[in-house]
Amino acid sequence: MARILPHCSSHREPIIELSPALFLTTWAAGLAGVAALVAWWKVVGPGFGWLSAAVTALFGGIGWAVGGGWPAGVGTAAALIGLALARRPQPFALALGVGAVFLAAASVPDGGVLGTLSGALLLGGTTGEMLLGHWFLIDPTLPRWALKRLAAVGLAGVGADVAVLMFDAGGFGGEVIGWAFVVLAATTFVLLIAVWFALNEPSYPGVMAATGLSYLAILTAIGAAAAGRALVDEGTSLLGGDAGLSRIFLL
């Protein structure tokens, strides 16, 4: 049978130094996934594909250059291939989907599987919301359900990221960085809810308001993702797997 031993924790300063490769590859993976999703929906022209693929390649390329490893390089190459295929939605979606997988793989060694997925949902959803919102400002006749779905992706990312990072960090510990994480995550959640309701406004200013709010949501999402990861000790997976195994013994 398995016995769960009491967990003894001691106060410790959180690690504030972040890995640029981890952050950028997670962000690029999320944006690549969102770009592939939007292309599959076929709601917008190639301009969105060019922009989203270029930004993905930029983030992924920098992540590769600062230590993301060969998966980041492959993911960046896939984004560049997608850039050339933006006029063909399905091949573009396939290329960006492959890019998302490899960029996520580059993030997993330092970020953990669930930490990578939650961070990608958070950063990808909010960034995709803002980028697609610009196309709605250019062409207000585009369907708004796509923006609402991306807002929902971002909201899911907020909840998932808070759950994953809080579990691994073992709480806030009363640290300033912990409270910053709470405030930034809560603000991101509120902003994305506001985006959703702004899109219910049938007039053009509704989309303008939603796009402006998504700008703010990106800033707070970046801060929340960075602060949350600063709570996690260096070398510990985002699920605290090592700590969990140390508390479970098979008899």
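Go through the range 39-78 and give me each residue that's part of a helix (DSSP H, G or I) and over 16 Å from LEU96 (Cα atoms). Across the range 39-78, the qualifying residues are ILE62, GLY63, TRP64, ALA65, VAL66, GLY67, GLY68, GLY69, TRP70.
Identify, from the list ALA163, ALA180, ALA120, ALA105, the residue that is over 23 Å from LEU37 (Cα atoms), touching a residue at least 24 places away in the same chain (Cβ under 8 Å) and crowded, with 18+ Cβ neighbours inside 10 Å. Of the residues listed, the single one that is over 23 Å from LEU37 (Cα atoms), touching a residue at least 24 places away in the same chain (Cβ under 8 Å) and crowded, with 18+ Cβ neighbours inside 10 Å is ALA180. Taking the conditions (1) modelled with pLDDT under 95; (2) assigned to a helix (DSSP H, G or I); (3) β-branched (Val, Ile, Thr) in turn, THR127 satisfies each one other than (1). When each of ALA77, ALA86, ALA54 is tested for being more than 29 Å from LEU142 (Cα to Cα) and either free of Cβ contacts under 8 Å to residues at least 60 places away in the same chain or out of contact with any strand residue (DSSP E or B) (no Cβ under 7 Å at 6 or more places or on another chain) (or both), the lone residue that passes is ALA77. Kindly establish whether PHE92 is among the aromatic types (Phe, Trp, Tyr) and surrounded by fewer than 24 Cβ atoms within 10 Å (Cβ to Cβ). No; evaluated as a whole, the condition is false for this residue.
The values are calculated or read from the model by the stated rules, or taken from the named source; none is laboratory data. Keep in mind that this is a model prediction, so the values were computed, not measured. Backbone-built Cβ (ideal geometry, glycine too); neighbour counts: all protein chains shown.
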